[in-house]
1. Give me a count of the residues in segment 64-96 that are more than 14 Å from the chain's Cα centre (by Cα), over 16 Å from Asn45 (Cβ atoms) and of a type outside the set (Lys, Arg).
2. Of all residues in segment 90-116, count the ones that are within 17 Å of Thr183 (Cβ to Cβ) and open to solvent by 70 Å² or more (accessible area, probe 1.4 Å).
3. Please go through segment 99-154 and pick out each residue that is among the hydrophobic types (A, V, I, L, M, F, W, C), more than 22 Å from Ile80 (Cβ to Cβ) and outside any loop (DSSP other than H, G, I, E, B).
4. Is it fair to say Ile177 is without any contact (Cβ under 8 Å) to a residue 24 or more places away in the chain and β-branched (Val, Ile, Thr)?
5. In segment 117-151, which residue that is of a type in the set (Ser, Thr, Tyr), surrounded by fewer than 16 Cβ atoms within 10 Å (Cβ to Cβ) and under 23 Å from the mean Cα position of the chain (by Cα) is nearest to Ile64 (Cα to Cα)?
Amino acid sequence: MKKIILVIVYSLLFNYCQAQNNKTNPEHKKIKSTIVGFLKWYKGNEAKSIANAYDTIIKHRSIIVWEDLDSLIRPNIDMIAVQGYLDWLKSSNHVSDSFLNALDNYHQKIADEVKTYKSFPKSTGIFSIPGLNLDVIFGFEPEETLEYIDKGVFTKIRVVGYHALVQFDIPNHEHRIFFLSKTNNKWLIDRIEFNHEYYDLLMK
């Protein structure tokens, strides 16, 4: 019984110390600033985001272009417009080249797939392109993150050298994992994922 009590006490002390460390650690503050800064920047510019990409214009170029072939049409992905979107994201000063390269590859794969589509009659009407019928960063419901940023809690921050893994939870909404790296004394976001462990537990 005493061992169990000691384990609980040490666990509580560890968690308390970790929480205090998270509040005072200057690197943790920089990491939090990068994450919250990007979320608020993205929310403030959401109208320019790639959500509903077939209606989105970045630098006056649509990412999805519908080619007119007489009585037929066929979709194409304009990679120059994609580059404009990536440049726009880079202007936030919160994401890394790794983040941007992953998005570039994501769009290129969709572009390669779209090239295999056959032309179809105009009367059929246009359709959404799989993979571009959502916000490519925050998914089908980006508002579940962007509308509740101030309610978010940094539940875990792990720093190993120039890399960090951060758990950012918004109670009753989204739970996400951020991967960051430090370049020139600045923390930048490499990747954003759902906290799959949390959602797997909910399904059980």
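1. Qualifying residue count for the region: 19.
2. 4
3. Phe120, Leu146, Ile149, Val153, Phe154
4. In short, yes.
5. Result: Ser128.
The values are calculated or read from the model by the stated rules, or taken from the named source; none is laboratory data. The shown structure was predicted, so the numbers you read here are calculated from the model rather than taken from an experiment. Because the Cβ atoms are built from the backbone with ideal geometry, glycine has one as well, and the counts that use them run over all protein chains shown. We work out accessible area using only protein heavy atoms, side chains counted, and drop any ligands, DNA or RNA first. Shrake-Rupley method; radii C 1.70, N 1.55, O 1.52, S 1.80 Å.
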